[in-house]
Structures are given as C-alpha cells and as structure tokens.
1. Would you check if Glu107 is open to solvent by less than 60 Å² (accessible area, probe 1.4 Å) and within 15 Å of the chain's Cα centre (by Cα)?
2. Only one of Asp149, Asp93 is among the charged types (D, E, K, R), assigned to a helix (DSSP H, G or I), under 14 Å from Val170 (Cβ atoms) and open to solvent by 20 Å² or more (accessible area, probe 1.4 Å); which?
3. Restricted to the range 156-201, and to residues that are touching a strand residue (DSSP E or B) at 6+ places or on another chain (Cβ under 9 Å) and not in a strand (DSSP E or B), which residue is most open to solvent (accessible area, probe 1.4 Å)?
Amino acid sequence: MTTASAGGRVKKQVSADVRRELLVAAALRVMKRDGIAAATTRAICAEAGMPHGAFHYCFRSKRELYAALLSTDFNITLDAAWPAVAPPVDPADAVRVLLRAYWSAVEGDPETQLVLSELVNLALREPELSELPGWEYRAYLEKVISYLDRFADEARLEFTVEARVLAEMVLSVLDGVVSSWLSHRDSAVALETLDRFAALFATLTRPRATE
C-alpha cells in the first residue's frame with residue numbers, strides 16, 4: 001500500500017482510514033516540531049504530502065483530529081510484556097514489568113507526551129473541545145480496565161477492590177508520574193514511583209480461588 005512521506009504527495013489512491021492515519025501522524029510531527037498553533041489544516045496536509053482538501057475528506061473538524069491524536073496515548077502496546085506476567089511471577093514483579101513497559105514508550109517519546117498534555121489543556125479552555133478531555137479519560141479508563149482483566153487472567157489473580165477503582169488509581173499514578181517527569185526529567189525518580197506503586201498494587205490482589 002502506498003504511503004506518503006513528508007516531502008512528496010500521495011500519488012496512488014489510498015483508503016480514507018489510511019489517509020486519516022497519515023494525517024494524524026503528520027499533525028503530531030508538526031505539533032512536536034512547531035507547536036500546536038502551527039498545526040493548521042494546510043500545514044498538516046503539506047506535512048503528509050496531501051492536497052489541502054484531503055483533510056476535510058477525512059475529518060469533519062479539528063475536533064475529530066484532536067480526538068484521534070489523544071487516542072495515541074492509550075494505544076501504547078504492552079504486548080511484549082505480557083509473557084512475563086504468568087505465574088509463578090510475583091504479582092508486584094508482574095505489575096512492575098507492565099508499568100515499566102508503558103514507561104519505556106513514554107520515556108522514548110517525551111515530545112508526544114508534551115503535545116498530548118498541551119492538547120488536553122487547550123481543549124479545557126475551548127468550548128467546542130471541552131468534552132474531549134472527559135472522553136479521553138473515559139476511553140483510557142476502559143482501556144486500563146481491559147488490561148486489568150487480562151492481567152487477572154494471565155496472573156491467575158483476583159482483585160480485592162473493584163477493577164474500576166483500581167483503574168482509577170492506575171490512571172492517577174501514571175498521569176502524575178508523566179506530568180512530574182516532563183518537568184524534572186529524572187527517570188530514576190519516575191521509575192522508583194512506579195515500582196513502589198507496583199508493590200502497593202500487589203497488596204490489592206490475591207490468588208484466584210481454585211475451581
């Protein structure tokens with residue numbers, strides 16, 4: 001399938017879904033390089049190597065684009081970490097592996113985290129975008145709950161609190177750690193916080209009852 005580079009136009013027909021992905025990636029590049037204000041529809045299309053009209057073919061508004069951008073954070077994959085979760089691994093160690101896998105993705109691309117943080121702050125101030133942060137939070141919460149369900153199955157554990165409550169805790173910790181790290185950039189501090197949370201998380205689990 002043909003894709004576009006920053007320097008040239010798309011020369012073959014591609015699906016709307018692929019064009020959307022290319023535009024989202026281009027928007028993120030522009031925002032990381034030049035700031036959110038510089039990410040006009042024209043600049044985004046130029047970065048993607050597409051004609052200006054392609055944007056409105058794929059997105060009805062900038063709101064839809066921002067929603068797609070905010071989705072990039074909870075689409076971070078933990079697939080490589082799951083094999084380390086199964087027993088006899090200690091629950092705290094298993095959680096630590098997953099948290100560190102997430103952290104590795106964050107630490108490897110801090111500019112994206114800055115953009116996402118700035119987008120949320122922008123949306124909170126713009127009436128037409130004001131529902132986006134809440135939408136992002138709910139979507140992120142459901143994603144974490146699905147991870148917790150998988151973790152419980154893989155590690156053969158059950159939680160002593162409701163999964164949604166635990167997911168709220170996970171989100172609060174991750175949001176706080178990422179926000180603080182963007183300010184101080186001390187990865188050792190961030191990792192120590194995540195490791196301590198992993199130990200706390202493990203106290204809220206117990207072995208699954210044998211059927």
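The values are calculated or read from the model by the stated rules, or taken from the named source; none is laboratory data. Nothing here was measured: the structure is a model prediction, and the numbers come from that model. When we count neighbours, we look across all protein chains shown, and the Cβ atoms used for this are built from the backbone with ideal geometry, even at glycine. SASA here: full protein model, heavy atoms, side chains in, ligands and nucleic acids out. Shrake-Rupley method; radii C 1.70, N 1.55, O 1.52, S 1.80 Å.
1. No: the conditions fail for Glu107.
2. Every option except Asp149 fails the conditions.
3. Among residues in the range 156-201 that are touching a strand residue (DSSP E or B) at 6+ places or on another chain (Cβ under 9 Å) and not in a strand (DSSP E or B), the one most open to solvent (accessible area, probe 1.4 Å) is Arg156.
Residue by residue, here is whether (1) more than 19 Å from Ala198 (Cα to Cα); (2) open to solvent by 20 Å² or more (accessible area, probe 1.4 Å); (3) outside any helix (DSSP H, G or I) holds:
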residue: Leu23; (1), (2), (3): yes, no, no
residue: Arg42; (1), (2), (3): yes, yes, no
residue: Glu47; (1), (2), (3): yes, yes, no
residue: Phe55; (1), (2), (3): yes, no, no
residue: Pro83; (1), (2), (3): no, yes, no
residue: Val89; (1), (2), (3): no, yes, yes
residue: Leu99; (1), (2), (3): no, no, no
